[in-house]
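Read-outs: derived from the displayed coordinates by stated rules, not from any lab. Quick caveat, the model's predicted, so the values are computed rather than measured.
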Amino acid sequence: MSETAVQPGAQATGLSQWQRVANTFTAPSKTFEDIKRGNQSWWMPFVIMALVSYIFFAAVFVKIGMQTVVDNQIKLDPKAEERMAQATPEQREMGTKISLYITEGVFIAQPVIMLAVVALGSLGLWGTINFVFGGKATFGSIFTVWMYAGLPGIIKAVLGTVVIFAGIEPETFNIKNFAPTNLAAFVFPNPAEANKVLYSLANSLDVITIWTLVLLAIGTATVAGVKRNSGYIAVFGWWAIFVLIGVGFAAITS
């Protein structure tokens with residue numbers, strides 16, 4: 001036999017991270033099968049999402065202004081606006097500064113927040129797919145799947161950046177719904193006048209979010225070695241719980 005013949009048990013070379021990123025949009029099963037084979041590097045999608053988030057932050061900072069972002073959020077919440085109106089000038093100034101610092105801090109710490117959210121979410125999903133559906137996924141594989149599944153989010157950030165530079169009025173900018181990718185953006189053009197419960201529900205029906213959830217379900221089922229239906233039930237089940245929590249919070253605070 002030729003010395004160049006493939007040896008028994010030899011494994012094919014895994015995909016590069018660039019290939020996994022591209023396949024996430026065009027052939028996600030290839031990405032997730034590669035992760036299942038043990039190729040669990042996730043820093044490339046993380047860097048891409050962090051970079052795009054900072055580009056969006058720069059657009060908000062330059063074209064909208066962080067103070068305007070804070071002021072708009074107060075205007076969109078009648079109860080918060082009422083509390084600010086009843087506060088003393090010193091209290092209003094302090095409250096505005098705190099809100100400004102928190103908003104800026106969230107933007108600046110976006111990569112750290114992303115890692116924390118993915119880690120906690122992966123822990124819950126790992127437990128669900130393994131102990132409820134009999135999967136065999138590792139925490140690392142679920143974490144890596146989540147990173148790649150989150151890539152469609154860059155489309156929303158890019159779209160939001162385009163909307164900002166297209167000339168949106170700063171006074172109408174809503175940081176909680178900055179791109180027209182969900183039902184709320186079309187049904188409730190003026191969030192301040194909308195029913196908070198219905199707005200929260202409509203806001204959760206976001207095409208980018210659903211795309212991400214579908215990818216996460218496929219990837220979770222793949223690395224866990226279970227049927228895709230199990231992945232869909234696990235992922236969308238958790239999503240439904242958090243949507244209900246958000247709607248409930250909106251009902252309490254409305």
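Translational diffusion of region 157-254 was estimated from the Stokes-Einstein equation, with Rh taken as the Kirkwood radius over Cα pairs; at 10 °C and 1.306 mPa s the coefficient is 105 µm²/s.
Between Ala192, Ala137, Ala87, the residue with the greatest mean-square fluctuation in the GNM of the chain (Cα pairs under 10 Å linked by springs) is Ala87. Using the Stokes-Einstein relation with a Kirkwood hydrodynamic radius computed over Cα pairs, the translational diffusion coefficient of region 1-144 at 25 °C and a viscosity of 0.890 mPa s comes to 126 µm²/s.
Across the chain the C-alpha pair distances fall into 10 Å bins from zero in the proportions 7, 25, 31, 21, 10, 4, 2, 1, 0 percent.
GNM on the chain, C-alpha springs below 10 Å: top fluctuator among Met84, Met147, Met49? In this elastic network of the chain, the residue with the biggest mean-square fluctuation among Met84, Met147, Met49 is Met84.
For the chain, the relative contact order works out to 26 percent when only alpha carbon pairs closer than 8 Å and six or more residues apart are counted. Can you pick out the pairs among Lys30/Lys196; Lys79/Lys176; Lys97/Lys176; Lys36/Lys176 whose Cα atoms lie more than 29 Å from each other? Check vs 29 Å cut-off fails for Lys30/Lys196; Lys36/Lys176. From helices alone, the chain scores -22500 deg cm²/dmol at 222 nm; the rule is -39500 (n - 2.57) for each run of n ≥ 4 DSSP H residues, then divide by the residue total. Cross-link partners of Lys63 among aspartates and glutamates, defined as those whose alpha carbon lies under 19 angstrom from its own and excluding same-chain residues fewer than eight positions apart: Asp71, Glu104, Glu169, Glu171. Taking Cα centroids, how far is region 119-184 from region 238-254 in Å? That distance is 18 Å.
The Cα atoms of region 151-200 define a convex hull whose projected area, averaged across directions, is 3.7 nm².
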